[in-house]
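Reading through the structure tokens given below for one structure.
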Amino acid sequence: MRDRRVLKVWLFVFLLLATICTFFSVVHVSHASQVIQVPQDYPTIQEAIDAAVDYDTIQVNRRSGESQSVYYERLTVNKELTLVGESRETIIIDGGGAGSVIRVLAHNVEIRGFTIRNGGTEYNGIRSNGYYYVTVTNNTLSGNKYGISLLNSDYHTVVENLLFNNSVTGISLSGSIGNNVSDNEVSDSAYGMKLLSTDATFVVGNTVSDGSYGIYLQSSSNDTVNGNTFTGNGVSGVISYLCHDIIVSNNEVTESAYGIELHTSDTITVLGNNVTGNSYGIYLAHSNPSNAVENNTISDNNWGIKLYNSSSNSLKGNTLSYNTFGVDPEAESDSNLIYHNNFLDNTEQAVWNPDCVNTWDDGYPSGGNHWSDYTGTDANGDGIGDTAYSIDPMNRDRYPLMAGWGGVHDIAILSVTPSDTLVYWGEIVLIDVDVRNEGTWTETFDVTVRYNSTTMGVQTVNNLAPSTDKTLTFNWNTTQVDQGSYTIEAEATIVVFETDTADNNYTDGMVAVIKVHDVAIVSMEVYPPFVPRGELIYINVTVENLGTFSETFNVTVYADRNVGDVHVDIGNETVSLDREDSTLLEFVWNTTDVPYGTYYITAEAVLPEDYDPTDNVAVAKVGGVSVPFHEPKEVFVLLSSLVSSILAAVAFGAVAIGFFKLLMSVRFRLPFIRFARHLLCARITNACYVGGTGESFPK
Ligand SMILES: [Ca+2]
Ligand SMILES: [Ca+2]
Ligand SMILES: [Ca+2]
Ligand SMILES: [Ca+2]
């Protein structure tokens, strides 16, 4: 018991000491790295390197007053250093053409941000031989024989460098493993990239142009060449010579004699590349077995795929279009599996060569290839043509595919739109169906429209291009159905290889079909709009049977004065109309004895069960009829009475004046005055009177 406790204590002490020792050893190893400035601390980069220790950083700047500084040096980096230039535009290391500009003689070196030039006709821009984990990024290399040359170099990172005019190679690796060469731009080198006996290396996202070879792989394996662009390399975009287990995928390869060339190679995967505008798109020479050329797009080459003395490989899922020769096997190229490819409009889809015997289909129902010039039919609709596609007497595709392989076959119904959702029985409903090709192949298919699962119509859409829409219009004559609610649905046939079939059906909402009584006054004309009383007003009324039954009904016309309560019945007619029929009714209003005034004339179709009574009444808009207040005859009477009144007044005035003048004349003046005075006196006093006779008047 006690011994055990002692053991535990010792164990604890031991672990504690071990931990402390480890801590101090880490501290000891991780040297406190310095940054050495050039030209501030040392005028040349090499002097700085010589003064540095492992893990130091050498920062290279412009010399005072210079916009760009050229350091004429050749560097030997024999320590684990980071060399950083201010930028590759401003810091230039020039080797003077007499040797490699930078020689790496240590692990873990990083070189970043320089232009490294003028290794001359014999030497390298950067050379590493026999070291690990060197990083070369963001540099420009030009004017060297070899731009970046890695020999026996493992786990290096070469990214985002710009290399041009390096005469033999841009980036070359030999005897190396596990390197990453990505996102570099390389041009104008005989070999843009060269991998010799180099394995497990990634070459990704680079652009290599205008050399003889884009990338040359020799005696290498397990490398991946993915997502690069190789263009304008005179001999080959990509060549694999004496290699195996290489993946060449998703590259753009154009404008070479041989786009992608496999020479004496096996088990190479050439996958998903776009190979365009080369003399030979993909060329296999003496390459077997088990090379897989799959899912490539190969167009506008003289030869799409050329097999020369290459057997037992597979060519699948490629689309070969607009090449002079699609696939051309030659010189004992046998036993290759060639199926699920699309041969589209190649001048010669597959070249006649009965000496080479290959397999052009994968049996039934997997099928063979899709041939754009296949003229056979597919009676049972299984997507396989009923007759074989013949290439030559020894080669034929027994199960040609009616539709293109790969890509996406997907058509969809986007919408179904009826022109109305509530219609009278017998009306035509227009049903618009929007269809779209959501796939990558031109498609021909049928669209069926149904109401409550009964087919209303079928239309064929021919050759609908990818990513395009089309609207189909179906006419639905509702006399086909009874009154009721109908669900409208459209369905596109599922095309061959279509997987997204859910969108091939589209169900719209309901369309209600109803049977109704509905007559209407569709127009009314009244003329003239104003008449003298006693004249005639003509009223033309057009009535129509809008409903779904034959109808007999009355049409009445009447007038109402706009003020007061005068209502005048003008006419009434009984009409019989079949559905959709109309008739013109003529009414005449004799305005004799009609009280003066402005009238509104109303026509009314009387059908108590009318479904839509709002159109059964029409009222003349412009005041109906107006009977003027004074007819002409009345005006004449008025004028003549006015004239006679004036004349009478004038005559009376003349008589009055004459009578007055007579009174005032001498002969009558005295008796008149006497008489007047007598009347006056009699009013004032009776004294004037004498005996009550006229004799009492004074003289
Ligand atoms: Ca068939
Ligand atoms: Ca679909
Ligand atoms: Ca779809
Ligand atoms: Ca009506």
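Given the structure, is Tyr283 on the phi < 0 side of the Ramachandran plot and aromatic (Phe, Trp, Tyr)? Outline the logic, then answer.
Working: on the phi < 0 side of the Ramachandran plot: yes; aromatic (Phe, Trp, Tyr): yes.
It is true that Tyr283 is on the phi < 0 side of the Ramachandran plot and aromatic (Phe, Trp, Tyr).
Checking the condition in contact with a Gly (Cβ under 7 Å, 6 or more places away or on another chain), within 30 Å of Asp386 (Cα to Cα) and of a type in the set (Asp, Glu), which residue from Asp446, Asp410 passes? So that I can check it myself, show each step before the final result.
On the way: Asp446 fails: in contact with a Gly (Cβ under 7 Å, 6 or more places away or on another chain).
Within the list Asp446, Asp410, the selection yields Asp410.
Do any residues in the stretch 490-504 that are under 13 Å from Val408 (Cα atoms) and at pLDDT below 95 have Cβ atoms under 6 Å from those of residues that are β-branched (Val, Ile, Thr) and not in a strand (DSSP E or B), where the two are at least six apart or on different chains, and which pairs are they?
Correct list of pairs: Ile494/Thr501.
Provide a single number: the residues in the stretch 410-435 that are in contact with a helix residue (DSSP H, G or I) (Cβ under 9 Å, 6 or more places away or on another chain) and either within 14 Å of Asp469 (Cβ to Cβ) or surrounded by 15 or more Cβ atoms within 10 Å (Cβ to Cβ) (or both).
Number of matching residues: 11.
Go over the candidates Thr479, Thr499, Thr471, Thr493 one by one and state the one that is more than 16 Å from ligand 3 (Cβ to nearest atom), hydroxyl-bearing (Ser, Thr, Tyr) and closer than 30 Å to Leu344 by Cα.
Exactly one residue qualifies, and that residue is Thr471.
What's the total number of residues in the stretch 436-452 that are basic (Lys, Arg) and either away from ligand 3 (no atom under 16 Å from the Cβ) or exposed (fewer than 15 other Cβ atoms within 10 Å of the Cβ) (or both)?
Of the residues in the stretch 436-452, 1 are basic (Lys, Arg) and either away from ligand 3 (no atom under 16 Å from the Cβ) or exposed (fewer than 15 other Cβ atoms within 10 Å of the Cβ) (or both).
Can you tell me how many residues within the stretch 225-238 are surrounded by fewer than 24 Cβ atoms within 10 Å (Cβ to Cβ) and part of a strand (DSSP E or B)?
The total comes to 3.
Filter the strands (runs of 3 or more DSSP E) completely within the stretch 453-494 down to those with at least 1 residues that are surrounded by 16 or more Cβ atoms within 10 Å (Cβ to Cβ), in the same structural domain as Asp434 (by TED's automatic domain parsing) and among the hydroxyl-bearing types (Ser, Thr, Tyr).
Answer list for the stretch 453-494: 484-492.
From Gly368, Gly407, grab the single residue that is surrounded by 13 or more Cβ atoms within 10 Å (Cβ to Cβ) and within 16 Å of ligand 3 (Cβ to nearest atom).
That would be Gly407, the only listed residue that is surrounded by 13 or more Cβ atoms within 10 Å (Cβ to Cβ) and within 16 Å of ligand 3 (Cβ to nearest atom).
Counting only residues that are hydroxyl-bearing (Ser, Thr, Tyr) and either surrounded by fewer than 20 Cβ atoms within 10 Å (Cβ to Cβ) or free of Cβ contacts under 8 Å to residues at least 24 places away in the same chain (or both), which one in the stretch 168-204 is nearest to Ser220 (Cα to Cα)?
Per the stated criteria, the residue is Ser197.
Conditions: (1) within 16 Å of ligand 2 (Cβ to nearest atom); (2) surrounded by fewer than 19 Cβ atoms within 10 Å (Cβ to Cβ); (3) free of Cβ contacts under 8 Å to residues at least 60 places away in the same chain. Asn380 meets all but one. Number of the miss?
Going through the list (1) within 16 Å of ligand 2 (Cβ to nearest atom); (2) surrounded by fewer than 19 Cβ atoms within 10 Å (Cβ to Cβ); (3) free of Cβ contacts under 8 Å to residues at least 60 places away in the same chain, Asn380 breaks only (1).
Which one is surrounded by the most Cβ atoms within 10 Å (Cβ to Cβ), of the residues in the stretch 303-323 that are in contact with a strand residue (DSSP E or B) (Cβ under 7 Å, 6 or more places away or on another chain) and assigned to a loop (DSSP other than H, G, I, E, B)?
Only one residue tops the list, namely Asn318.
Would you mention how many residues in the stretch 489-508 are within 16 Å of ligand 1 (Cβ to nearest atom) and over 20 Å from Asn462 (Cβ atoms)?
0
Could you figure out which of (1) of a type outside the set (Ser, Thr, Tyr); (2) within 16 Å of ligand 1 (Cβ to nearest atom); (3) farther than 30 Å from Pro418 by Cβ isn't true of Glu535?
Tallying (1) of a type outside the set (Ser, Thr, Tyr); (2) within 16 Å of ligand 1 (Cβ to nearest atom); (3) farther than 30 Å from Pro418 by Cβ, Glu535 fails exactly one: (2).
May I ask you to verify whether Thr377 is away from ligand 3 (no atom under 16 Å from the Cβ) and in contact with a strand residue (DSSP E or B) (Cβ under 6 Å, 6 or more places away or on another chain)?
The answer is no for Thr377.
Taking the condition of being surrounded by fewer than 24 Cβ atoms within 10 Å (Cβ to Cβ) and either at negative phi or free of Cβ contacts under 8 Å to residues at least 12 places away in the same chain (or both), how many residues in the stretch 247-277 meet it?
Initial filter on the stretch 247-277 (surrounded by fewer than 24 Cβ atoms within 10 Å (Cβ to Cβ)): 247, 249-250, 252, 254-255, 257, 263-264, 266-267, 269, 271-272, 274, 276-277.
Among the residues that remain, those that are also either at negative phi or free of Cβ contacts under 8 Å to residues at least 12 places away in the same chain (or both) are: 247, 249, 252, 254, 257, 263, 266, 269, 271, 274, 276.
Adding up the residues that qualify gives 11.
Before we move on, is Val543 more than 16 Å from ligand 2 (Cβ to nearest atom) and in contact (Cβ under 8 Å) with a residue 60 or more places away in the chain?
Answer is yes for this residue.
Kindly provide the set of residues from the stretch 485-502 that are closer than 21 Å to Tyr451 by Cβ and within 12 Å of ligand 2 (Cβ to nearest atom), ordered by number.
Taking the stretch 485-502 first, the residues closer than 21 Å to Tyr451 by Cβ are 485-493.
Glu491, Ala492, Thr493 - these are the residues of the stretch 485-502 that are closer than 21 Å to Tyr451 by Cβ and within 12 Å of ligand 2 (Cβ to nearest atom).
Determine whether Thr444 is polar (S, T, N, Q), within 30 Å of Pro365 (Cα to Cα) and not in a strand (DSSP E or B).
Judged against the criteria, Thr444 is not a match.
The values are calculated or read from the model by the stated rules, or taken from the named source; none is laboratory data. Since we're looking at a predicted model, the values are computed, not measured. Ideal geometry is used to build each Cβ from the backbone, glycine not excepted, and the neighbour counts take in all protein chains shown.
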